[in-house]
Amino acid sequence: PIPQANIPDSRGLNLYTVDPALGRLLAVYLTESEFEQWRPVMERLGARAGGELDELALSADQNPPVLQHRNRRGDDLQEVRKHPDYVALEQVAFAELGLAAMSHTKDAPSPLVKYALTYLFVQAEFGLCCPVSMTDSLTRTLRKFGDPELIARYLPALTARELSGLFQGAMFMTEREAGSDISAISTTARYEQGQWKLSGEKWFCSNPDADLAMVLARPKNAPEGMKGVSLFLLPRVQADGSPNAYRIVRLKDKLGTRSMASGEITLEGATAFLIGEIGRGFQQMADMVNMSRLSNGVRSAGLMRRALTESVFIARSRRAFGRRLVDMPLVQRQLIKMSLPTEQARSMFMQTATLLAKADAGDSRAQKCLRILTPLIKFRACRDARKVAGDAMELR
């Protein structure tokens, strides 16, 4: 008989129940009724994330999206073709769980519920949660600063729970010359015959075929620097059904989040709608950016938790030199080193999500804390996630 390999299989772990601290923390942060309402949902999601969704995510990562510029007749197509397993993940995130729509419903739960579900989902699939987050945060920014007519036109599609009627969101900021330096943006906006027309290039656009994107551009004759930057809503398809005047030049060949497309965009007089005040584009888009930062921190915390869960499982299951790995002092030391930033990130996103609800209700102290914590969690949790994931690979 062929001997069994000394490599345990972690497939099928319930990523909620295997992490008892998660439930205990949620019981502290949420009201008793809200915790009891959502606990069964999280238990089911934990089981799926450790099984079915994990398998779909591995397949989607190995079969990244492809940009098809033209159809067989030579017509301009500009279609990003996604693998069926990625579409199946979209069905779970957008439709079944409603992660992008959840905060914009009449009886919206605490923001922590959405982020806790994201924390579990991302332990299977990381890439898709970027479009989910951008759709959610674009909707928030549109509702906050947009014209009522625009809100009425697009809100139903942005909060749809069926993929066939859903509009996904994105934000196009980065340019080759202007990365973090938003004041250096060179994309221009011209007002012609009652419409804004955008021209320029955007260098890193995740979810490039999104139905709606928030774009920063500089109106003609606007001052230099940050004061000249304004915010626009860019639809993929115009009101008459024709494609808008911008092209996806290529998709990025990325090291990570390969399941989800990121690309480069050329705007060729694309029709867009001004959001809020001229010259206050960055201040208005900062709200969307901050929500993306918080979401990214949550996703990094989830990535660390999955890495730690795998490491603990391996350490408990695998044997070497006549002992379980978990009984060896240096392995114990490594697991503790990984646990600390993992728990720090989780505590931080739960506290930040709790403050978000208070800040939105007008609590000035919570607003100030939120302004500090959102960039901080994006900076620290994302940096720690690289180290923890590397340590988990090393231990494995």
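The values are calculated or read from the model by the stated rules, or taken from the named source; none is laboratory data. Note that the structure is a prediction, hence the values are computed from the model and not measured. For neighbour counting, all protein chains shown are included, and Cβ atoms are generated from backbone atoms with ideal geometry for every residue, glycine included. Side chains are part of the model used for accessible areas, which takes the heavy atoms of the whole protein and leaves out ligands, DNA and RNA. Shrake-Rupley method; radii C 1.70, N 1.55, O 1.52, S 1.80 Å.
Structure above, values below:
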| item | result |
| --- | --- |
| Any hit, the range 106-122, residues being touching an Asp or Glu at 6+ places or on another chain (Cβ under 7 Å), open to solvent by 10 Å² or more (accessible area, probe 1.4 Å) and more than 20 Å from Met348 (Cα to Cα) | no |
| Complete set of residues in the range 268-289 that are among the polar types (S, T, N, Q) and surrounded by fewer than 20 Cβ atoms within 10 Å (Cβ to Cβ) | Thr271, Gln283 |
| Matching residues in the range 215-244 - criterion: being part of a loop (DSSP other than H, G, I, E, B), surrounded by fewer than 18 Cβ atoms within 10 Å (Cβ to Cβ) and either touching a helix residue (DSSP H, G or I) at 6+ places or on another chain (Cβ under 8 Å) or in contact (Cβ under 8 Å) with a residue 40 or more places away in the chain (or both) | Ala222, Pro223, Glu224, Gly225 |
| Cβ-Cβ under 8 Å pairs, at least 6 apart or on other chains, the range 246-258 side of a type in the set (S, T, N, Q), far side open to solvent by less than 80 Å² (accessible area, probe 1.4 Å) and outside any strand (DSSP E or B) | Thr257/Phe126; Thr257/Gly127; Thr257/Cys130 |
| Failed item, numbered, when Lys144 is tested on (1) within 20 Å of Asp360 (Cα to Cα); (2) open to solvent by less than 50 Å² (accessible area, probe 1.4 Å) | (2) |
| Residue in the range 105-120 that is within 15 Å of the chain's Cα centre (by Cα) and under 20 Å from Phe273 (Cα atoms) present | no |
| Qualifying residue in the range 301-310 (condition: open to solvent by 20 Å² or more (accessible area, probe 1.4 Å), in a helix (DSSP H, G or I) and of a type in the set (Gly, Ala, Ser)) | no |
| Output for the range 19-70, where each listed residue is over 24 Å from Ala307 (Cβ atoms), without any contact (Cβ under 8 Å) to a residue 40 or more places away in the chain and within 23 Å of the chain's Cα centre (by Cα) | Arg39 |
| Filter result for Gly276 (in contact (Cβ under 8 Å) with a residue 12 or more places away in the chain and closer than 30 Å to Arg153 by Cα) | yes |
| Positions within the range 245-265 being within 20 Å of the chain's Cα centre (by Cα), surrounded by 14 or more Cβ atoms within 10 Å (Cβ to Cβ), in a loop (DSSP other than H, G, I, E, B) and not charged (D, E, K, R), in sequence order | Thr257, Ser259, Met260, Ala261 |
| Pair list, Cβ under 8 Å, 6 or more apart: the range 127-145 residue farther than 18 Å from Val298 by Cβ, other residue open to solvent by 20 Å² or more (accessible area, probe 1.4 Å) and outside any helix (DSSP H, G or I) | Phe145/Gly276 |
| Residues satisfying the stated conditions in the range 79-104, i.e. farther than 17 Å from Phe126 by Cβ and touching a Leu at 6+ places or on another chain (Cβ under 7 Å) | Val80, Gln91, Ala95 |
| All positions within the range 147-167 that are in contact (Cβ under 8 Å) with a residue 24 or more places away in the chain and closer than 29 Å to Lys227 by Cα | Asp147, Leu150, Tyr154, Leu155 |
| Single residue of Gly12, Gly50, Gly46, Gly23 found to be touching a helix residue (DSSP H, G or I) at 6+ places or on another chain (Cβ under 9 Å), at pLDDT below 95 and among the small types (Gly, Ala, Ser) | Gly12 |
| Output for the range 173-196, where each listed residue is touching a Phe, Trp or Tyr at 6+ places or on another chain (Cβ under 9 Å), open to solvent by 40 Å² or more (accessible area, probe 1.4 Å) and under 15 Å from Leu274 (Cα atoms) | Arg190, Gln195 |
| Leu330 surrounded by 18 or more Cβ atoms within 10 Å (Cβ to Cβ) and in a helix (DSSP H, G or I) | no |
